[in-house]
Amino acid sequence: MHQNTKDGVLNAEEMEYLSALLTEQAGKPAQGGLKFEVNTDNHGFLQQLGLSDTLKVVARYGHHRFVFPLSIEVNDLGMPHLYFNTPDIYEDGEQSRFWRAEDEQLTLLTADGEALSYCIQDISVSGLCIELEDLTEPVPDTLNDLCLRLPNGQILDLSGHISRYIEPNLVAYELELSSLDSSELKDYLFQLHRSLHPHLMK
């Protein structure tokens, strides 16, 4: 667990104490994340953690690394809850990069909702790659006027530009996260990863 404060990384004693504070709650996870409740009257340590600008938990499963942002909220009864928000998923290798997913049910749409013929080869929280069936077909320089329809029917506005041509028929785009609300995309990717790797969730 990492805390981006002047104190740096939590030591083993603090990590053990934090673990003892929390018990996982049954029920539906919030927004794809995990919810924990403090089971002690001593909330000082947890409240101090809540003052951190960036608090994260890092978990590794095989070649995949999950970075869970944490948030602490207080309910109507004054009981603080620790939320493991939807993680960023990385592929470990020579260069760490966001996990890329393949899903044939993803569809690119025009601003008017018309489905485009491009096939989405793969997608991550930072970019996507499209495959061209017809090499003479023009490709857009940017994604700014396009939308992405998720398998559940949800439609996300896109913003991005061509990064490179991987092959003559494969075009990679970089998503501009500063202008794209990526929370829905992150939720979709996390749920897809869980469905593809159920053994990690046991």
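The values are calculated or read from the model by the stated rules, or taken from the named source; none is laboratory data. Since this is a predicted model, take the numbers as computed values, not measurements. Cβ coordinates were reconstructed from backbone atoms using ideal geometry, including for glycine residues, and neighbour counts include every protein chain displayed. To get the accessible areas, we keep the full protein, side chains included, count just its heavy atoms, and leave off ligands, DNA and RNA. Shrake-Rupley method; radii C 1.70, N 1.55, O 1.52, S 1.80 Å.
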**Complete:** Residue hits (the range 71-82; in a strand (DSSP E or B) and either surrounded by fewer than 18 Cβ atoms within 10 Å (Cβ to Cβ) or free of Cβ contacts under 8 Å to residues at least 24 places away in the same chain (or both)) are Ser71, Glu73, Val74, Pro80, His81
**Message:** Can you tell me which of (1) modelled with pLDDT under 95; (2) among the hydroxyl-bearing types (Ser, Thr, Tyr); (3) surrounded by 15 or more Cβ atoms within 10 Å (Cβ to Cβ) is the one Tyr173 doesn't meet?
**Reply:** (1)
**Prompt:** Given the conditions (1) assigned to a loop (DSSP other than H, G, I, E, B); (2) in contact with a Lys or Arg (Cβ under 9 Å, 6 or more places away or on another chain), which single one is not true for Cys129?
**Reply:** (1)
**Asked** In this structure, does Ser117 turn out to be more than 24 Å from Tyr61 (Cα to Cα), part of a strand (DSSP E or B) and open to solvent by 50 Å² or more (accessible area, probe 1.4 Å)?
**Response** no
**Unmet criterion (only one of (1) over 15 Å from the mean Cα position of the chain (by Cα); (2) at pLDDT below 90) for Leu143** = (2)
**Prompt:** Condition test on Pro138, is it modelled with pLDDT under 90 and touching a Phe, Trp or Tyr at 6+ places or on another chain (Cβ under 6 Å)?
**Reply:** no
**Asked** (1) in a helix (DSSP H, G or I); (2) touching a helix residue (DSSP H, G or I) at 6+ places or on another chain (Cβ under 6 Å); (3) surrounded by 15 or more Cβ atoms within 10 Å (Cβ to Cβ): which one isn't true of Glu184, the others all being true?
**Response** (2)
**Complete:** The condition of being outside the structural domain of Tyr61 (by the TED database), touching a residue at least 60 places away in the same chain (Cβ under 8 Å) and of a type in the set (Asp, Glu) holds, among Asp157, Asp187, only for Asp187
**Asked** For Leu109, all conditions in the list (1) under 25 Å from the mean Cα position of the chain (by Cα); (2) closer than 20 Å to Pro168 by Cα hold save one; what is the number of the exception?
**Response** (2)
**Fill in**
Subset of the range 84-112, residues of a type outside the set (Ser, Thr, Tyr), open to solvent by 30 Å² or more (accessible area, probe 1.4 Å), assigned to a loop (DSSP other than H, G, I, E, B) and farther than 20 Å from Glu137 by Cβ, comes to Asn85, Asp92, Gly93, Glu94, Gln95, Arg100, Glu102, Gln105
